[in-house]
Amino acid sequence: MDRDLRRLILAGAAALVLLFTGRALISALWDVREAERQIPVLHSRLRSGGEADSRPSRAALTAAADLRDELQQRLDAVVPALAAELPPEFSVGPGESPDLRYIEVVRREQEELVKGAAYVGRSVPPNLGLPDLNPTGLEDVLRTLRSLHVVSLVTRAALDAGVEAVEEIRMPPPVRRGRSESGFLRLARVDFVLRGTPAAVRDALAAIAGGQPYLALDELRLEALDEHGERVRAQFGASAISLDLDQPLAGAGN
């Protein structure tokens with residue numbers, strides 16, 4: 001290839017590079033100038049809508065502060081009524097072995113609930129819905145005891161109301177908190193199946209929902225067991241709500 005042809009090719013390549021570079025620079029410059037032209041238009045729209053050149057008035061700031069204080073007072077009043085604290089008889093005291101304490105509480109509840117129900121001709125699942133393997137470690141023991149406390153509250157309310165049987169109790173499998181829960185709300189849910197007359201089941205549900213501590217009822221299903229509806233089966237979930245105030249309120253969830 002002779003020297004003149006090579007120079008011609010190089011000059012053409014340089015021209016193409018300059019062309020594309022120039023187009024990119026012109027396009028970028030055009031976008032900047034177009035954005036600059038839009039600024040007065042946007043500012044005018046904000047001014048006309050009262051969104052620019054304005055600050056909250058002193059009265060608006062005072063009203064916002066008053067509302068914040070009112071909401072905080074409501075929260076302070078609701079939290080104690082909402083939270084279901086684990087009572088000492090279902091907890092692990094300082095210096096106690098979590099494993100031994102768990103066995104002690106389970107035996108006590110089986111004695112009072114299962115044998116107590118059988119004594120008056122009613123039935124309660126012998127295992128109270130507890131896992132086949134005992135929990136180990138303080139965290140898992142306390143989580144299971146919290147569910148057992150729900151079992152105790154619901155079963156006692158059902159027996160006091162005159163239901164024929166607590167047919168089924170199902171505790172959720174233990175899952176680490178980081179994977180199952182978020183925010184400052186903690187739910188200890190247990191599923192139940194009750195059998196009895198409509199009046200007995202109704203009274204049991206009313207006692208559960210209206211008792212202290214507060215238990216939330218969820219997914220309630222009623223089924224007639226005979227043609228005239230004189231005996232029914234109720235399936236539902238009962239949850240104790242506890243609060244972890246170290247977590248932010250905005251993260252509330254499970």
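Any read-out appearing in this document is the output of simple, stated calculations on the displayed coordinates, not a laboratory observation. All figures in this text were calculated on a predicted structure; none of them were measured in a lab. As a convention, Cβ positions derive from the backbone with ideal geometry for all residues, glycine included, and neighbour counts pool all protein chains shown.
For the reader, a short list of remarks on this structure follows.
- Likely footprinting exposure, L133, L187, L100, L217, fewest C-beta neighbours within 10 Å first: L133, L100, L217, L187
- Computed from label points 7 Å out along Cα-Cβ, the spacing between R107 and D226 is 4.1 nm.
- Summed side-chain charge close to R107 - residues other than R107 whose Cβ falls under 14 Å, Lys, Arg +1, Asp, Glu -1: -3
- Positive minus negative residues near G116 (Lys, Arg vs Asp, Glu; Cβ under 12 Å): 0
- Local net charge near R74, Cβ-Cβ under 15 Å (Lys/Arg +1, Asp/Glu -1): -3
- Extension gain, R202 back to L138 (0.36 nm per residue minus Cα-Cα distance, nm): 19.4 nm
- Stretchable slack from D218 to A64, in nm (0.36 nm times residue separation minus alpha-carbon distance): 51.8 nm
- Relative contact order of region 85-251: 21 percent, from C-alpha pairs under 8 Å at least 6 residues apart in sequence.
- P(r) tail fraction, region 120-173 - alpha-carbon pairs more than 18 Å apart, %: 35
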